[in-house]
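As structure tokens, the structure follows; a few thoughts come after it.
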Amino acid sequence: MKRFSVLLSVLLVLSVFLTACSSGKDERASSTDGKATITVASWNAAADALTEQIEGFNKKYPDIRVEVLHTDTGYSKVTPALAAGTGAPDIIQTQARDFPAFLQKFPDQFEDLTDETEKYKDDFIESSWKSVTQDQKIYAMPWDVGPTALYYRMDLFEKAGIDVESIKTWSDYIEAGKKLKETFPDTAMTLYTDDFNLYEIFLNQLGGSYVKDGKINVNSPESEKALLLQKKMKDEGIAINVHDGNGRIPALTNDKAASVILPVWYAGTLSHSVEKQAGKWGIVPIPAFEEGGNTQANLGGSVLAVSKQSKNAEAAFKFIEYVLTTDEGQKIMLKYGLFPSYTPFYKSEAFNTKDEYFGMELYPFFAKQTTSIKDMEYGPIMLDATKPLKDMIDGVLAGNDVKKMMGTAAESISKSTKLKVNH
């Protein structure tokens with residue numbers, strides 16, 4: 001009886017071993033023709049850029065099939081799969097500011113890429129690693145960044161007698177906007193939209209953060225200063241509301257604004273959507289809050305993460321590596337207006353080519369606007385913070401007490417995230 005039990009145990013172990021050996025690779029593969037198939041969730045121009053990468057990638061890795069899934073910026077096709085623990089794409093794009101919230105809401109759903117990314121740590125803009133790092137481990141690769149500048153109509157400034165070099169501070173900018181109105185009564189100095197983009201530019205420029213020391217920090221002195229600057233621009237009549245990004249194009253086409261405060265990615269929008277104004281736009285660093293102060297800020301940027309649900313995680317990282325750390329991949333990114341956080345590409349010919357629309361070496365200029373961008377601590381709140389932040393800004397612009405609006409937003413975010421508020 002004892003000999004039978006031993007024999008049965010050996011047979012069971014052998015059976016399990018043989019099953020694992022025979023099915024392990026098949027279970028991890030997602031196709032039946034010997035090729036690994038990986039899916040990538042992305043949106044808009046980013047998805048188009050990744051789609052164009054496939055041909056070049058397959059020349060290097062012919063046995064890895066790539067499918068790009070067009071998703072939305074609200075992640076409606078991604079978060080249910082992460083929550084369920086099944087059905088997620090192999091590679092997931094998120095905004096850099098949202099990724100810490102993904103790590104918090106969906107723990108153990110992303111591959112630890114610390115070892116894979118170690119050799120690239122000095123090749124990316126230092127601040128771009130912030131949002132993909134948790135407990136000294138890397139869970140995604142930085143993709144693009146959004147160094148911000150002041151785009152201005154050189155012809156309108158000249159006719160209004162405005163010397164852009166004299167605009168050193170935001171106070172100078174507001175005064176220049178008033179002067180512009182004297183010559184062009186129907187033209188505002190700039191535009192803003194019903195979101196928190198302008199607020200975030202100012203907040204980052206000041207060195208503020210949404211979260212500090214693990215606590216909600218939207219009620220900070222930097223936040224107050226950022227809000228009051230946007231309010232002053234509105235109250236002085238130099239900034240007009242166009243509600244959303246789509247409203248900017250007709251406003252600029254019809255000379256309703258003489259400048260915009262936006263990142264590098266807006267250069268492509270101008271050249272493609274306002275073609276007739278080629279040669280009329282100049283670009284300079286954003287003004288400082290005080291003379292001699294910081295003139296750099298970031299807005300936007302995305303990351304690429306590998307899902308723990310992936311059956312082809314190694315193949316997925318190879319695709320990320322190709323699109324983000326090769327000249328071939330970055331040339332395509334640049335074509336779609338995605339400014340690389342991968343700095344070795346800054347030495348390439350493609351990066352240093354003169355832009356005909358602006359009449360300048362566009363990307364080297366923006367590369368110089370990345371040298372002192374301050375770290376922005378988003379914390380795990382951004383998926384829950386959109387409405388409170390918009391309500392805070394709208395309330396301040398409507399004339400409500402700034403400290404009260406900041407406090408209300410902080411408490412609302414705290415209620416959703418269970419994080420305490422800095423006081």
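The values are calculated or read from the model by the stated rules, or taken from the named source; none is laboratory data. Model, not experiment: these values are computed from the prediction. Counting neighbours? That spans all protein chains shown, and the Cβs are built from the backbone with ideal geometry, glycine included. The accessibility values were calculated without ligands, DNA or RNA, using every heavy atom of the protein model including side chains. Shrake-Rupley method; radii C 1.70, N 1.55, O 1.52, S 1.80 Å.
Here are some residues: ALA41, ALA47. Which one is assigned to a helix (DSSP H, G or I) and small (Gly, Ala, Ser)?
Working: ALA41 fails: assigned to a helix (DSSP H, G or I).
Going through ALA41, ALA47 in turn, just one is assigned to a helix (DSSP H, G or I) and small (Gly, Ala, Ser): ALA47.
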Residue check for ILE393: closer than 21 Å to ASP213 by Cβ and at pLDDT 95 or above: no
Search result, residues across region 81-102 that are under 27 Å from LYS215 (Cα atoms) and more than 16 Å from the chain's Cα centre (by Cα): LEU82, ALA83
Filtered residues of region 145-169 (kept if under 22 Å from ASP186 (Cβ atoms) and among the aliphatic types (A, V, I, L, M)): LEU150, MET154, LEU156, ALA160, ILE162, VAL164, ILE167
Members of region 310-337 found to be modelled with pLDDT of 95 or more and either aromatic (Phe, Trp, Tyr) or within 12 Å of ALA267 (Cβ to Cβ) (or both), listed by number: PHE317, PHE319, TYR322
Qualifying residue in region 294-305 (condition: modelled with pLDDT under 95, open to solvent by 10 Å² or more (accessible area, probe 1.4 Å), of a type in the set (Ser, Thr, Tyr) and within 18 Å of the chain's Cα centre (by Cα)): no
All positions within region 318-341 that are closer than 16 Å to PHE366 by Cα, in contact with a strand residue (DSSP E or B) (Cβ under 7 Å, 6 or more places away or on another chain) and hydroxyl-bearing (Ser, Thr, Tyr): SER341
Residue among LYS159, LYS137, LYS168, LYS178 that is in contact with a strand residue (DSSP E or B) (Cβ under 8 Å, 6 or more places away or on another chain), of a type outside the set (A, V, I, L, M), surrounded by fewer than 17 Cβ atoms within 10 Å (Cβ to Cβ) and over 15 Å from VAL260 (Cβ atoms): LYS168
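Yes/no per residue for (1) touching a Cys at 6+ places or on another chain (Cβ under 6 Å); (2) part of a strand (DSSP E or B); (3) farther than 23 Å from GLU175 by Cβ; (4) not charged (D, E, K, R):
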{"site": "ASN246", "(1), (2), (3), (4)": "no, no, yes, yes"}
{"site": "GLY268", "(1), (2), (3), (4)": "no, no, yes, yes"}
{"site": "SER271", "(1), (2), (3), (4)": "no, no, yes, yes"}
{"site": "GLY279", "(1), (2), (3), (4)": "no, no, yes, yes"}
{"site": "ILE283", "(1), (2), (3), (4)": "no, yes, no, yes"}
{"site": "GLU290", "(1), (2), (3), (4)": "no, no, no, no"}
Test for ASP123: is it among the charged types (D, E, K, R), open to solvent by 30 Å² or more (accessible area, probe 1.4 Å), touching a Pro at 6+ places or on another chain (Cβ under 7 Å) and farther than 13 Å from VAL303 by Cα: yes
Qualifying residues in region 306-327 (those that are in contact (Cβ under 8 Å) with a residue 24 or more places away in the chain and either among the polar types (S, T, N, Q) or in a strand (DSSP E or B) (or both)) - the one surrounded by the most Cβ atoms within 10 Å (Cβ to Cβ): VAL306
Candidate set from region 187-198 (those that are over 15 Å from the mean Cα position of the chain (by Cα) and open to solvent by less than 20 Å² (accessible area, probe 1.4 Å)); member that is nearest to HIS243 (Cα to Cα): THR193
